[in-house]
Amino acid sequence: MHGPAVSGWLLMALCGVTGAYCLLRTRSGTGEERRAARAEALMGFGMAAMAVPAAVVTPPEWGWAVYAVLFGLASLRALWFSRHSAHHLHHLVGSSAMVYMAVTMAPGVSGAGGGHGGHAGHGAAETAGGLPLLTGLLLAYYAAYVLRSGTRLIPVAAATGGGGPVGGGSAGEGSAGGGWGARPELALACRLTMGIAMFAMLLTL
């Protein structure tokens, strides 16, 4: 991404930790909750890989095709499971946004010269990539999602911190497995983190 490499490292760390926690969540909860956690873990790790500063690792040209295919398949998976849970529509938007960024930042597609969403773009600051209308719609979506997630996080954190059973009574987490993987406020915080990170990456297009 644009700017100092420290911002790339920070995004990489945040998304990596988020992906790791989502992976932990796959060990508890219902089947639907585990499916959602797997999708969010993939998104977290994918965004972490995109956030590695280009000064450290420059992705190969074929890497963009890998991103596009991987998250294209993730988009199809999210579309399929959206029949059972509307939350997968958010996963569909996120996976599609990853495909969009990968295609936009691929060499020869835009003037970004191969710098990608999480790298200190080689020439990305000079020539904007992508479709302004689509980028703007995605930015608006993630801005609204971040605000909504933030407002939902406050009452959930207050409820779980009030002495009640952790995760008990939450529709978003199962009681099986317990522990850190069954804390609804942490799951919401992870989604909020990924929403902020996606917004930041889209700003660089």
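See the values below:
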quantity	calculated
Meets criteria (assigned to a loop (DSSP other than H, G, I, E, B) and either among the aliphatic types (A, V, I, L, M) or closer than 16 Å to T104 by Cα (or both)) for V56	yes
Residue match in segment 135-154 (condition: of a type in the set (V, I, T) and at pLDDT 90 or above)	yes
Residue that is modelled with the highest pLDDT [pool: residues in segment 15-29 that are assigned to a loop (DSSP other than H, G, I, E, B) and open to solvent by less than 50 Å² (accessible area, probe 1.4 Å)]	T26
Count of residues meeting criterion [more than 21 Å from T18 (Cα to Cα) and surrounded by fewer than 19 Cβ atoms within 10 Å (Cβ to Cβ)] in segment 45-56	2
Segment 16-61, residues that are of a type in the set (D, E), out of contact with any His (no Cβ under 8 Å at 6 or more places or on another chain) and under 17 Å from L186 (Cα atoms)	E33
Residue check, A5 in contact (Cβ under 8 Å) with a residue 60 or more places away in the chain and open to solvent by 30 Å² or more (accessible area, probe 1.4 Å)	yes
Residue in segment 180-189 that is crowded, with 23+ Cβ neighbours inside 10 Å, over 23 Å from A41 (Cβ atoms) and either of a type in the set (V, I, T) or modelled with pLDDT of 55 or more (or both) present	no
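Okay, residues lined up against (1) farther than 20 Å from M201 by Cβ; (2) open to solvent by 10 Å² or more (accessible area, probe 1.4 Å); (3) touching a Ser or Thr at 6+ places or on another chain (Cβ under 8 Å):
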{"residue": "A13", "(1), (2), (3)": "no, yes, no"}
{"residue": "G31", "(1), (2), (3)": "yes, yes, no"}
{"residue": "A41", "(1), (2), (3)": "no, no, yes"}
{"residue": "T58", "(1), (2), (3)": "no, yes, no"}
{"residue": "A65", "(1), (2), (3)": "no, yes, no"}
{"residue": "S75", "(1), (2), (3)": "no, yes, yes"}
{"residue": "G94", "(1), (2), (3)": "no, no, no"}
{"residue": "A97", "(1), (2), (3)": "no, no, no"}
{"residue": "V103", "(1), (2), (3)": "no, yes, no"}
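Residues checked against (1) more than 21 Å from L89 (Cβ to Cβ); (2) under 17 Å from the mean Cα position of the chain (by Cα); (3) in contact (Cβ under 8 Å) with a residue 24 or more places away in the chain:
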| residue | (1), (2), (3) |
| --- | --- |
| L14 | yes, yes, yes |
| L23 | yes, yes, no |
| R35 | no, yes, yes |
| A41 | no, yes, no |
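The values are calculated or read from the model by the stated rules, or taken from the named source; none is laboratory data. Please read these numbers as outputs of a predicted model, since none were measured by experiment. Every residue, glycine as well, gets a Cβ built from its backbone with ideal geometry; the counts of neighbours run over all protein chains shown. What goes into the accessible areas is simple: the full protein's heavy atoms, side chains included, and nothing from ligands, DNA or RNA. Shrake-Rupley method; radii C 1.70, N 1.55, O 1.52, S 1.80 Å.
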